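Working notes, structure below.
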Amino acid sequence: MHEVFFERVITDYLTGASIQDSTYEDLRQGLARMLVEEKGYPRHLLRPKYAVRAQVDGREEAFSVDIAAFAEDGTPLLALFFCPGEVGTFVRESVAAARVHQPQPFPLVLVTDSMRILLVAAQDGNTLGEGWYAVPRWEELPGFAAAHPCPPLPPERLEKESRILAAYTALGGACCGGACELTETSS
């Protein structure tokens, strides 16, 4: 399934900005609302459509995290990915994106199709939980992330993970021919 953009504008739940609606945007907005209203995540520490940048064959490429959660000091805690299909088939790609984030990887990854959700440790790719109840509440998240650290990758491993991410992205195709606008980037 492919993300299609509509000729209408909606208000982003997290930022208040006007954004273009799409076939998946209502799901992203719902996930953001649930993180804030049900799990206690502070809006200002969540970044929608966050860009993770990686070097692949000497060129910089950007990959999108649907919602990125950071600590007050800017430490990455969790990367949430919405997937339009079987959740399990998107885990490896999502873990690669979390691992290549610079200067520090996201230690935790959520992958969901809005019906099923997996919580995964970025360091080893192991599933830590399944279902909405597996998503840590905000007050638990820093400790949970610390219990599952993902240290920065050495250069050769970073290159391999970047290639894995690029390969999965190429196989899945970019949303709307690459027209998906990213709001922030990692350094």
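Structure above, values below:
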quantity	calculated
Answer from L141, L153, L77, L128 - the residue that is at pLDDT 95 or above and within 16 Å of M34 (Cβ to Cβ)	L141
Qualifying residues in the range 46-67 (those that are surrounded by 18 or more Cβ atoms within 10 Å (Cβ to Cβ) and free of Cβ contacts under 8 Å to residues at least 60 places away in the same chain) - the one farthest from A98 (Cα to Cα)	L46
Yes/no for M34 being at pLDDT 90 or above and more than 22 Å from G125 (Cα to Cα)	yes
Output for the range 130-166, where each listed residue is in contact with a Phe, Trp or Tyr (Cβ under 9 Å, 6 or more places away or on another chain) and free of Cβ contacts under 8 Å to residues at least 60 places away in the same chain	C150
The range 96-126, subset β-branched (V, I, T) and closer than 14 Å to A147 by Cα, residue surrounded by the fewest Cβ atoms within 10 Å (Cβ to Cβ)	V120
Test set (1) more than 25 Å from V87 (Cα to Cα); (2) outside any strand (DSSP E or B); (3) in contact with an Asp or Glu (Cβ under 9 Å, 6 or more places away or on another chain); (4) not acidic (D, E) - T15 fails condition number	(3)
Failed criterion for H44 (all others in (1) more than 21 Å from L119 (Cα to Cα); (2) modelled with pLDDT of 95 or more; (3) in a loop (DSSP other than H, G, I, E, B) hold)	(3)
Cross-chain or 6+ apart pairs with Cβ under 6 Å, the range 112-129 first and over 13 Å from T89 (Cα atoms), then assigned to a loop (DSSP other than H, G, I, E, B) and modelled with pLDDT of 95 or more	A121/H148; A122/P105; A122/F106; A122/P107; A122/C150; Q123/C150
Any pair with Cβ under 6 angstrom, 6 or more apart, that starts in the range 91-104 at a residue that is among the hydroxyl-bearing types (S, T, Y) and ends at one that is outside any helix (DSSP H, G or I)	S94/F81; S94/V109; S94/V111
Complete set of residues in the range 129-141 that are under 27 Å from R157 (Cβ atoms) and surrounded by fewer than 16 Cβ atoms within 10 Å (Cβ to Cβ)	G129
Candidate set: the range 20-45, residues that are among the hydrophobic types (A, V, I, L, M, F, W, C) and touching a residue at least 24 places away in the same chain (Cβ under 8 Å); chosen: the one nearest to R137 (Cα to Cα)	L35
Residue that is nearest to L165 (Cα to Cα), among those in the range 1-16 that are free of Cβ contacts under 8 Å to residues at least 60 places away in the same chain and surrounded by fewer than 16 Cβ atoms within 10 Å (Cβ to Cβ)	F6
Qualifying residues in the range 62-100 (those that are in a strand (DSSP E or B) and small (G, A, S)) - the one farthest from V135 (Cα to Cα)	A62
Selection within the range 142-173 - of a type in the set (S, T, Y) and either surrounded by fewer than 11 Cβ atoms within 10 Å (Cβ to Cβ) or within 14 Å of R99 (Cα to Cα) (or both)	S162
Only one of A51, A71 that is within 18 Å of E161 (Cα to Cα) and aliphatic (A, V, I, L, M)	A51
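The values are calculated or read from the model by the stated rules, or taken from the named source; none is laboratory data. Bear in mind the structure is a predicted one, so any value in this text is a computation, not a measurement. We place every Cβ from the backbone using ideal geometry, glycine too, and count neighbours over all the protein chains shown.
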